[in-house]
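Below: one structure, written as structure tokens.
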Amino acid sequence: MTRTDLSNVQVAKDYTGLCGLVADRIANLVQTKPNAVLGLATGSTPLGVYSALVRRHREEGLDFSRVTCFNLDEYYPMSPKSLHSYRQFMAMNLFDYINCPNWFVPDGLRRSASEIEQDCLEYEARIADAGGIDLQLLGIGRTGHVGFNEPGSAPDSRTRLVTLAEVTRQDAAPSFGGIDNVPRQAVSMGIGTIMDAREIVMMATGAGKAAIVRAAWTEDPTDHIPATWVRRHPNVHLRLDESAASLLLEADA
């Protein structure tokens with residue numbers, strides 16, 4: 001068996017170190033390109049990155065005033081005022097504390113299928129009008145999803161309404177007070193949208209992600225593991241802590 005290419009993989013000792021690596025890359029981009037366009041992710045994995053960026057803004061004057069940010073996804077249906085919404089998540093963990101007036105999250109309000117489709121086209125157009133995404137930050141779900149692109153998502157998929165896998169809903173259940181309260185759908189950028197970014201940084205933390213990280217970085221690209229498509233991007237970087245990297249490093253041994 002050929003050895004896995006780990007040239008674009010960097011492993012930090014722990015979660016704090018992992019978040020520092022990713023925050024360093026984002027801060028460097030913002031400093032060198034003040035009007036950078038960022039694609040951002042939600043969930044627990046990037047929280048430390050956002051905390052580090054807030055600190056750098058406060059203590060070092062990292063300036064986000066000309067930066068534009070696009071979030072990957074939003075639950076559907078979901079009010080933007082709900083504490084479960086990703087709009088509120090991003091406000092409470094990042095945008096309320098930095099000087100970035102230009103940030104966008106897909107609309108999760110209940111509406112007709114044709115209205116959702118039109119809004120998704122407009123989200124894609126807004127990204128294009130901004131000049132495209134310079135750096136897309138990704139986590140990885142236990143199903144191999146990126147954004148809410150669950151198994152079965154095509155590599156050329158665009159922003160659209162998707163149905164969530166039960167594993168994904170189960171993982172979200174504690175924060176919703178039970179799985180019955182977790183939406184069954186979401187609006188998500190597609191794999192094709194993600195792959196249009198000029199740079200992708202995928203991060204994972206903890207032993208619970210070790211198996212899917214190994215699969216994503218060693219198995220042939222397949223719709224069954226959407227993250228495998230991301231590995232084909234010409235400028236993708238995988239950033240892990242030691243626990244998330246454990247099985248990948250074994251596979252390369």
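The values are calculated or read from the model by the stated rules, or taken from the named source; none is laboratory data. Model, not experiment: these values are computed from the prediction. We place every Cβ from the backbone using ideal geometry, glycine too, and count neighbours over all the protein chains shown. The protein model used for the area step is the full one, side chains on, heavy atoms only, and it has no ligands, DNA or RNA in it. Shrake-Rupley method; radii C 1.70, N 1.55, O 1.52, S 1.80 Å.
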Considering only ALA128, ALA165, ALA41, give the residue with the highest GNM mean-square fluctuation for the chain, with springs between Cα atoms whenever their separation is below 10 Å. ALA128
Residues of the stretch 168-199 with amide nitrogen under 17 Å from the 7 Å Cα-to-Cβ point of ASN8? 191-199
Could you derive backbone 3J(HN,Hα) for the stretch 215-224 from the dihedral phi with the Karplus parameters 6.51, -1.76 and 1.60 (θ = phi - 60°), listing whole Hz in sequence and x where the residue is Gly or Pro? 4, 5, 9, 10, 8, 4, x, 8, 4, 6
Under a Gaussian network model of the chain whose springs join Cα atoms within less than 10 Å, the largest fluctuation of GLU199, GLU115, GLU74 belongs to GLU115
Just the accessible area per residue of the chain, please: how many Å² with a 1.4 Å probe? 45 Å²
Partner lysines whose C-alpha sits under 25 Å from that of LYS13, ignoring same-chain residues fewer than 8 away, are LYS209
Evaluate Rg over Rh across the stretch 4-89, taking Cα atoms for both radii and Kirkwood's formula for Rh. 1.01
From the C-alpha coordinates alone, can you work out the Kirkwood hydrodynamic radius of the stretch 86-161, in Å? 14.5 Å
Of all accessible heavy-atom area on the stretch 163-253, the percent that carbon and sulfur account for (1.4 Å): 48 percent
Accessible heavy-atom area order of LYS33, LYS81, LYS209, LYS13, highest first, probe of 1.4 Å: LYS81, LYS13, LYS33, LYS209
Out of the total accessible area of the stretch 80-148 (probe 1.4 Å, heavy atoms of protein only), what percent is carbon and sulfur? 51 percent
Looks like the stretch 72-220, by Cα gyration tensor root eigenvalues a ≥ b ≥ c and the a/c under 1.5 rounded cutoff (else prolate when a/b is bigger than b/c, oblate otherwise), is rounded
Expected max-MSF residue from TYR97, TYR86, TYR50 in the GNM of the chain (alpha carbon, under 10 Å) is TYR97
Amide H of VAL9: which non-local residues (sequence gap of 5 or more, or other chain) have their own amide H closer than 5 Å, using H built in the peptide plane? LEU238
Amide H partners (placed H, <5 Å) of GLN136, local residues excluded: GLY39, GLU199, ILE200, VAL201
Spelling it out for PHE104: with amide H atoms placed in the peptide plane at 1.01 Å from N, the residues 5 or more places away or on another chain with amide H under 5 Å from its amide H are CYS69, PHE70, ASN71
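What does the charge count near HIS237 come to, summing +1 for each Lys or Arg and -1 for each Asp or Glu among other residues with Cβ under 10 Å from its Cβ?
Numbers: positive: ARG25, ARG239; negative: GLU199.
Neighbour charge sum, excluding HIS237 itself: +1.
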Can you give me the C-alpha center-to-center distance between the stretch 111-186 and the stretch 49-69, rounded to a whole angstrom? 25 Å
From the square roots a ≥ b ≥ c of the eigenvalues of the alpha-carbon gyration tensor of the chain, which class results: rounded (a/c under 1.5), prolate (a/b over b/c), or oblate? rounded
Largest first, what is the accessible-area ranking of ARG142, ARG58 with a 1.4 Å probe? ARG58, ARG142
